[in-house]
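Here is the structure we will look at.
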Amino acid sequence: MKKKREHGALLHHNGTVTCIEFYGNAHLLSGAEDGLICVWDTKRWECLKSLKAHKGHVTSLSIHPSGKLALSVGTDKTLRTWNLVEGRSSFIKNLKQNAHIVKWSPSGEKYVVVVTNKVDVYKLETASVSGTITTEKRISSVRFITDSVLAIAGDDEIVRLYDCDSQKCLCEFKAHENRIKDIYSFEKEGIQVIVTASSDGYIKLWSLELDKIQDIPSLLCEVNTKARLTCLAVWLDRPSETKENPDKASTSSNVNEDEQPLITRKKKVCWTDDSNKSTEREKPGLPKKQKLEGPRILLDQRAQEPKGRRVSWLGQQGQQPSWEQHKTGARTPRQPLAVCGNVKS
């Protein structure tokens, strides 16, 4: 998100993708109309496991806070519990109607299943319904504010907060002029924030005081996207490690400083190895190129030459004329003689 760069597309499903959910920064689960649930590795963006989840469409899924379990609902009127450690189905519950939303609580001790305008609250220990919340219109989104407070938004402009234990409405307020499509909540600097998106194109942020939960939340800000919104996702910019853990950041900087001399040593070793190779090439026992030997031999021959006329011989390729040939003037066949002139001492 910081670089605003697209990673690519995940092309494994044969139908429209209906739901996705991240678990941390390493894994992603996706469900689609082909009835499959795929587990993705977000580092390499490859499908680790493909589960045949439902006979119909997968309408919603949710991952347990521990990352070991997942819930899914589909158009086959079933609620399925998945063992993500072994990658298999561990429990199947038949429903009377098709559910379109399933959601875990923050602690993972309870979960909710939404069917049209009804919310069933389940306990994990008994896997049975502990209570039911009913609204007048169809529910489009639910969100746990705390482990016991649930925010519900539907096909109207009102957001309602319910107590999951007593199923009583704690607070309700008009958030938009049109029906609400999605809702999200997070905590920032001790303030509980609720984010709502509506078909009227507005995204609004609300401040909620949990101590005074019966009071209507105050509007923090709003933005008009001038678009018909259908869903909402909130990206929270995490603070830097220096602000979160200054001790950890200083430790990492010290480690980097300790590692720098090691890198320098490696470079020095590589430079020493190259110099050793160059010195080995210059050893007298190793063969040398002919063009380096030629001038040295000619200088030695000139030092031994007597005064008078000097001749230059063009012998066969790779051969140098001997001193006897210079002295007697004899030459081999196909060796032309060239007169160079007088040589002074």
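Here are the numbers for the structure shown:
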{"item": "Condition met for Ser66 (under 24 Å from the mean Cα position of the chain (by Cα) and either within 19 Å of Glu21 (Cα to Cα) or in contact (Cβ under 8 Å) with a residue 24 or more places away in the chain (or both))", "result": "yes"}
{"item": "Residues located in region 184-217, provided they are exposed (fewer than 12 other Cβ atoms within 10 Å of the Cβ), acidic (Asp, Glu) and either outside the structural domain of Ile158 (by TED's automatic domain parsing) or closer than 20 Å to Tyr162 by Cα (or both)", "result": "Asp211, Asp215"}
{"item": "Cβ pairs under 6 Å, 6+ apart, first in region 6-22 and surrounded by 15 or more Cβ atoms within 10 Å (Cβ to Cβ), second in a loop (DSSP other than H, G, I, E, B)", "result": "His13/Asp34"}
{"item": "Residue ranges of strands (runs of 3 or more DSSP E) in region 119-187 with at least 3 members among the hydroxyl-bearing types (Ser, Thr, Tyr) and either modelled with pLDDT of 95 or more or farther than 17 Å from Ser62 by Cβ (or both)", "result": "128-134"}
{"item": "Residue count for region 61-95, restricted to those that are touching a Gly at 6+ places or on another chain (Cβ under 8 Å), surrounded by fewer than 20 Cβ atoms within 10 Å (Cβ to Cβ) and of a type in the set (Gly, Ala, Ser)", "result": "2"}
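Yes/no matrix, rows are residues, columns are (1) surrounded by 13 or more Cβ atoms within 10 Å (Cβ to Cβ); (2) closer than 25 Å to Ile203 by Cα; (3) of a type in the set (Gly, Ala, Ser):
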residue	(1), (2), (3)
Gln97	no, no, no
Pro106	no, yes, no
Lys110	yes, no, no
Ile139	yes, yes, no
Ile158	yes, yes, no
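The values are calculated or read from the model by the stated rules, or taken from the named source; none is laboratory data. None of these values were measured; they are calculated from a predicted model. FYI the Cβ positions are ideal-geometry reconstructions off the backbone, even for glycines, and counts take in every protein chain you see.
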